[in-house]
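Take a look at the structure set out below.
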Amino acid sequence: MRKVKELKSWIEGYETVKTACEELRLACDFFREGALSEEEVDEAYRKALRETEALELKNMLSKEEDKLGAVLKIVAGAGGTEAQDWAEMLFRMYQRWCERQGYKCEVTNYQEGDEAGIKTVTLQVEGEMAYGYLKSENGVHRLVRVSPFNAQGKRMTSFTSVFVVPLINDSIEIEINPAGLSWDTFRSSGAGGQNVNKVETGVRLHYKFINPVTNQPDEIVIENTESRSQFGNKDNALRLLKSQLYELELEKRRAETAKVEAGKKKIEWGSQIRSYVFDDRRVKDHRSNYQTSNVQAVMDGDLDAFIKAYLMQFSES
């Protein structure tokens with residue numbers, strides 16, 4: 001039924017584009033006969049272009065993993081308190097974007113900054129095509145602004161890294177070697193009520209394995225503090241582990257045809273995928289060269305133009 005539904009959506013998309021193009025051709029004929037105005041022809045053209053680009057964008061998200069949810073992890077990089085504040089701003093930006101898309105967004109791990117902001121946060125995003133869209137956000141995000149944490153009012157530059165992996169569902173099987181698993185428990189902090197601070201509900205998973213990309217021994221460490229139940233946190237930590245292992249398998253498949261994304265570069269100068277320059281009112285993506293002067297809209301979650309520009313340029317059909 002899932003396959004039938006997918007094929008039906010492609011047929012409906014094709015029919016929509018075909019109808020829009022036929023209406024545009026008819027509009028041109030009527031314009032030549034004086035039955036339609038130039039503005040009406042322009043509107044028919046914009047509609048045909050919009051429908052065609054929407055189908056093209058969907059074609060860019062035709063891989064198996066694109067249909068899945070996403071795990072998005074934000075880690076403050078170089079810049080101290082300023083970077084931690086920047087990490088919190090990005091956290092808010094992605095929450096707003098998820099709200100715009102109607103996606104369910106849960107915080108599975110949250111570590112506050114020393115003075116302000118956050119050190120790291122992990123979001124679990126559930127919704128159709130969430131990973132397909134959010135994979136464009138994988139990398140280092142650079143902020144340039146007059147820092148409120150600088151007494152001299154100097155212009156500061158800070159960096160925060162965003163990592164995105166698919167959130168697997170029951171349709172995908174991932175094998176985990178029990179011998180490589182170990183657990184720590186700890187008292188949770190932050191939101192969640194007083195109960196999380198009284199008992200050791202937070203869990204830290206350690207998984208040692210042979211990395212399929214490097215063929216070298218590796219370790220994945222995952223913290224989960226979402227639930228008040230230790231068992232619930234363990235279940236979700238295992239799901240997040242499977243998501244990371246699945247991403248490694250995908251990376252292994254892509255190794256022959258694509259370069260590894262900038263998201264694994266060092267979080268400092270020269271590795272950023274996007275710059276947010278508040279004073280100059282400019283946000284620019286360094287991969288697609290798309291930019292906008294509406295900084296506030298971007299920080300409020302208006303990322304669709306950046307995502308579309310990236311996918312249209314870099315995704316494989």
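Some notes on this structure:
- Selected residue (criterion: farthest from the chain's Cα centre (by Cα)) from residues of segment 23-38 that are assigned to a helix (DSSP H, G or I) and over 20 Å from residue 52 (Cα atoms): 32
- The C-beta contact set for segment 109-131 (first residue over 25 Å from residue 235 (Cβ atoms), second residue of a type in the set (Phe, Trp, Tyr) and crowded, with 18+ Cβ neighbours inside 10 Å, distance under 8 angstrom, 6+ apart or interchain) comprises 117/86.
- Taken over segment 105-137, the residue count meeting the criterion of being touching a helix residue (DSSP H, G or I) at 6+ places or on another chain (Cβ under 8 Å) and surrounded by fewer than 21 Cβ atoms within 10 Å (Cβ to Cβ) is 10.
- Only a single item in (1) part of a loop (DSSP other than H, G, I, E, B); (2) out of contact with any helix residue (DSSP H, G or I) (no Cβ under 9 Å at 6 or more places or on another chain); (3) of a type outside the set (A, V, I, L, M, F, W, C) is not met by residue 148, and it is number (2).
- Total residues in segment 40-98 satisfying the condition of being charged (D, E, K, R) and within 24 Å of residue 9 (Cβ to Cβ): the figure is 12.
- If you go through segment 212-226 and keep only what is part of a strand (DSSP E or B) and not acidic (Asp, Glu), you end up with 217, 220, 221, 222, 224.
- Selection status of residue 90, modelled with pLDDT of 90 or more and assigned to a helix (DSSP H, G or I): yes
- So residue 5, is it among the basic types (Lys, Arg), at negative phi and part of a helix (DSSP H, G or I): yes
- Selection within segment 150-164: residues that are of a type in the set (A, V, I, L, M) and modelled with pLDDT of 90 or more. The member of this set that is nearest to residue 75 (Cα to Cα) is 162.
- Residue in segment 97-104 that is touching a Cys at 6+ places or on another chain (Cβ under 9 Å), surrounded by fewer than 16 Cβ atoms within 10 Å (Cβ to Cβ), in a helix (DSSP H, G or I) and at pLDDT 90 or above present: yes
- Residues (among the acidic types (Asp, Glu) and in contact (Cβ under 8 Å) with a residue 12 or more places away in the chain) located in segment 132-184: 137, 184
- Residues in segment 168-202 that are touching a Phe, Trp or Tyr at 6+ places or on another chain (Cβ under 7 Å), modelled with pLDDT under 90 and either assigned to a strand (DSSP E or B) or acidic (Asp, Glu) (or both): 2 in all.
- Scanning segment 288-317 for residues that are surrounded by 17 or more Cβ atoms within 10 Å (Cβ to Cβ), part of a loop (DSSP other than H, G, I, E, B) and touching a helix residue (DSSP H, G or I) at 6+ places or on another chain (Cβ under 6 Å) yields 288, 290, 301, 303.
- Checking residue 80 against (1) on the phi > 0 side of the Ramachandran plot; (2) within 19 Å of the chain's Cα centre (by Cα), the condition it does not meet: (2)
- Selection within segment 30-79: residues that are in contact (Cβ under 8 Å) with a residue 60 or more places away in the chain and farther than 30 Å from residue 104 by Cβ. The member of this set that is surrounded by the fewest Cβ atoms within 10 Å (Cβ to Cβ) is 78.
- Test result for residue 107, over 22 Å from residue 306 (Cβ atoms) and aliphatic (A, V, I, L, M): yes
- Only listed residue being buried (at least 18 other Cβ atoms within 10 Å of the Cβ) and closer than 21 Å to residue 206 by Cα, chosen from 178, 166: 166
The values are calculated or read from the model by the stated rules, or taken from the named source; none is laboratory data. The structure presented is a predicted model; accordingly, all values stated were derived computationally and were not measured. Quick reminder, even Gly has a Cβ in these numbers, built from the backbone with ideal geometry, and neighbours come from all protein chains shown.
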